[in-house]
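Report on one structure; see the data block that follows.
The values are calculated or read from the model by the stated rules, or taken from the named source; none is laboratory data. Owing to the predicted nature of the structure, the values given are computational and were not obtained by experimental measurement. All Cβ positions, even for glycine, are placed from backbone atoms using ideal geometry, and neighbour counts span all protein chains on display. What goes into the accessible areas is simple: the full protein's heavy atoms, side chains included, and nothing from ligands, DNA or RNA. Shrake-Rupley method; radii C 1.70, N 1.55, O 1.52, S 1.80 Å.
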Amino acid sequence: MVLDIDEVVYERMDGLVQAIGREDVTTGSFVSRVISEHLERHADMIRIIEEQGQKRQ
């Protein structure tokens with residue numbers, strides 16, 4: 001899967017990865033981690049949105 005990420009956002013995240021300076025952290029793994037943590041943090045709200053979307057179908 002390919003994500004279309006805003007260039008400015010990508011450059012900012014890439015800069016953070018460079019600042020971390022670890023070879024085992026890639027920009028892709030960093031972005032994945034940020035998205036995963038966001039989904040976990042907002043799980044209740046996401047569940048409500050998903051339920052509302054299912055009711056519309």
Inside the chain, counting only helices (runs of 4 or more DSSP H) that do not spill past its ends, which hold 1 or more residues that are open to solvent by less than 60 Å² (accessible area, probe 1.4 Å) and touching a residue at least 24 places away in the same chain (Cβ under 8 Å)?
27-41
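What about R33, is it of a type outside the set (G, A, S), at pLDDT 95 or above and on the phi < 0 side of the Ramachandran plot?
The answer is no for R33.
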